[in-house]
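The values are calculated or read from the model by the stated rules, or taken from the named source; none is laboratory data. Remember, it's a predicted structure, so these values are computed and weren't measured experimentally. Heads up, the Cβs are rebuilt from the backbone with ideal geometry, glycines too, and the neighbour counts pull from every protein chain shown. The protein model used for the area step is the full one, side chains on, heavy atoms only, and it has no ligands, DNA or RNA in it. Shrake-Rupley method; radii C 1.70, N 1.55, O 1.52, S 1.80 Å.
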Amino acid sequence: MFSKILIANRGEIALRIIRACRELGIRTVAVYSQADRNCLHVRMSDEAICIGQAASSNSYLNIPAIISAAEITDVEAIHPGYGFLAENPHFAEICESCKITFIGPTPENIRLMGDKMAARSSMHKAGLPIVPGSPAAIKTKEEALKVAKSIGYPVIIKAAAGGGGKGMRICHNDLTLVSSLMTAQSEAEANFGNSNVYIEKYIEEPRHIEVQVIADRSGHILQLGERDCSIQRRHQKLLEESPSPVVDSKMRKRLGELVLKGIKSVNYVSCGTIEFLLDEKTNNFYFMEMNTRIQVEHPVTEMVTGIDLIKEQIRIASGEKLKIKQEDVHIRGAAIECRINAEDADNNFMPSPGKIEALVLPGGPNVRVDTHIYAGYEIPPYYDSLIAKLIVHGRDRQEAIKIMHRALTEFHVSPIKTTIPFHLKLMENPLFLKGDISTHFVQDMIKEESGIKD
Ligand code: ADP
C-alpha cells in the first residue's frame, strides 16, 4: 500500500479522497491555486503546495506544476478525482514515466474511451447495443444527410471528444442538420481541440442509466448495479439515484452481463462507469459512453452496496486484488444524491458565487453530506458551482425521498443562492414521486412553472 499520495483536485472530492486516505493510513498532499488558500482540502491534508494562479489552466490543469509538487513531496501516487486531469491520457502517461502511480485506469483505457466514436465501436464489437448512428466521423454535409436519412430524424450531432454535457446539437430536419454541422465542428475544435463530430439517432425522452464497475489488475471485475441520472438540465446531472425505479431484476442482470463483457474486452482497470440511454417506449437500452474515472454520483452506489469506491480504487492502484466477490454484492434499499450548486434556480440557474455568511448542514439517520464549504468560506468564481452533495439512504425509494425532503429543509446556506429550493420542489413533484421521469423532466417542470406552453 502507498504511504503518501497527492490529490490533484479541489472541493468536495479532494476531501473525500483525504478521508479515504486517513482511514487507510496514507499521508496526503493537497495542491491548491492562489484562489483556494482557505479551502478545507488545504487544511485537512498533511501537506499542501500552491501550484499556481486561480485559473484552472494555471493550477489544477498545470501538469508540470503538479508533477513538480509530487516530486518535491516524494509521493508514490496521484489521485486525480473527477474533472480537471482525471481523463487526460497524457497526464496518466507522464505520471507513469515519472514512476508515480496514476490512481485510475491505464492511459490506453482513457484514450480509447475518451474518443466517443472509438468507444462506441469497441463496445459494439464486444456485443453492447449502441445508438444507431454514423460509424465514423462526419466530414461533409452529404455524409451527414446520408446518415440522417438512414436513421431518421431527430438526430444529435456529438463531439467525439466531448464531455460535461457540452458539444451536442439536436437536429429535426435536413436544414438544421446542414446548418448545425459546421458550427458543431468548429465548436468541437474550440472546446475540445478535436473537430471530429458524429451523428446518432436522438432518442426522445430517454432515461439515463449507468452502471458502476470496478476492476483490479488481475482481471477480477465487479459490477455494482445501476444509477438513474435522468434528472438533468442542459445534459448536466442534478440528482442521481440507485437503484433506478424502472430497472427490474431481469434488465439489471442483462445490463450487468453486457457491462462485464465490455469491460473485459478492453482490459479495463480501476473504477469506471458505462452509461446507457434507455428508451422506455421500446424498453431498448443503448451504450452511450464510458467514463474512466470516479464520478460525482459515486456515493449513491456506496450507500446501497456498502462498498467504499475510493478506498477500493486506491487499493487496486497499489496492486492489491479486489477481495469482494460478485455474489457478495447486494443492492440494499435506495439512495438519492442531490447536487447542491451555488446557482439561482429561479433565475435560469445563474451562478451565485460569494461569501457564505451562515451555514447549517443537515444530519440525522441515513444522511451523508460531502462538502467543502463552511461558514465564512468564499466561493470562488473560477471553478464549477457544486458546493455540496446531499446523499440519503432509505429502506426503499419512498423512504429515501422522505429523508431527502427532511434533510433539504434542514440545509441552510446564506446569503448565496443554491439549488436547495429546486430539489425541495422535486421531492414534492407527483411525477418524480412516481419515478415517472426522463431526461426532459427538468426542462418540462421549469416550463410548467413559468407557464410556458409548447
Ligand atoms: P457528456 O460526456 O458530455 O456527459 P453524454 O454522451 O454522456 O455526454 O450525454 C449526456 C446527456 O445527453 C445524456 O445523459 C442524455 O441526456 C443526452 N444524450 C446524449 N446522447 C443522446 C441521444 N442519442 N439521444 C438522446 N439524448 C442523448
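Miscellaneous remarks
- Computed with a 1.4 Å probe on the full set of protein chains, the accessible area for Glu357 sits at about 120 Å².
- Of the residues Asn9, Ser56, Thr418, the one whose Cα sits farthest towards the positive end of the charge dipole of the chain is Asn9 (charges of +1 on Lys and Arg Cβ, -1 on Asp and Glu Cβ, taken about the Cα centre).
- Here the spin labels are modelled as points 7 Å beyond Cα on the Cα-Cβ line, and at Lys402 and Lys264 they lie 4.3 nm apart.
- The local environment of Ser122, defined by Cβ-Cβ distances under 14 Å, has a net charge of +3 under the rule Lys, Arg +1 and Asp, Glu -1.
- Applying the Karplus relation 6.51 cos²θ - 1.76 cosθ + 1.60 with θ = phi - 60° to the stretch 277-291 yields 3J(HN,Hα) values of 9, 10, 8, 5, 5, 10, 6, 8, 10, 10, 4, 10, 6, 10, 9 Hz, where x marks Gly and Pro.
- R0 of 25 Å, Cβ-Cβ distance Thr176-Ser57: FRET efficiency to nearest 0.05: 0.15
- Building the convex hull from the alpha-carbon atoms of the stretch 132-201 and averaging its projection over directions returns 3.9 nm².
- Beta bridge orientation in the stretch 4-103: antiparallel %, DSSP, nearest 5: 0
- In this simple spin-label approximation, Val360 and Met1 carry label points 7 Å from Cα along the Cα→Cβ vector, and these lie 3.9 nm apart.
- Placing R0 at 45 angstrom, the Cβ-Cβ distance between Ala118 and Ser450 gives a FRET efficiency of 0.65 after rounding to 0.05.
- Linear extension gain, Lys141 paired with Asp346, 0.36 nm per residue minus alpha-carbon span: 69.8 nm
- In sequence order, the stretch 27-39 has phi-based couplings of 7, 10, 10, 9, 10, 8, 8, 4, 7, 10, 3, 9, 7 Hz under the Karplus curve 6.51 cos²θ - 1.76 cosθ + 1.60, θ = phi - 60°, and Gly or Pro positions carry x.
- Sparse-neighbourhood loop sites, trypsin sites (Lys or Arg not before Pro) in the stretch 317-385 - DSSP loop, at most 16 other Cβ within 10 angstrom: Lys321, Lys323, Lys325, Arg332
- DSSP-defined beta bridges in the chain - what % are antiparallel, rounded to 5: 80
- Rounded to the nearest 20, the size of the Cβ-charge dipole of the stretch 321-429 about its Cα centre is 480 debye, with Lys and Arg at +1 and Asp and Glu at -1.
- Met251 paired with Glu189, simple spin-label distance in nm, labels 7 Å along Cα-to-beta-carbon: 4.1
- Between Asp308 and His440, the contour length at 0.36 nm per residue exceeds the alpha carbon distance by 44.4 nm.
- Rounded to the nearest 20, the size of the Cβ-charge dipole of the chain about its Cα centre is 620 debye, with Lys and Arg at +1 and Asp and Glu at -1.
- For the chain, average projected area of the Cα convex hull in nm²: 20.6
- Structure-based [θ]222 nm, the chain - -39500 (n - 2.57) summed over DSSP H runs of at least 4, per residue, nearest 500: -10500 deg cm²/dmol
- 17 Å reach of a label modelled at Leu433, 7 Å along Cα-to-Cβ, counting backbone N of the stretch 374-402: 396-402
- Taking amide H atoms as placed 1.01 Å from N in the peptide plane, the amide H of Ile49 lies under 5 Å from those of Ala30, Val31, Tyr32, each 5 or more residues away in sequence or on another chain.
- Quotient of the Cα radius of gyration of the stretch 1-93 and 2.2 N^0.38 Å, N being its number of residues: 0.96.
- For the stretch 103-130 and the stretch 396-418, distance of Cα centres in Å: 37
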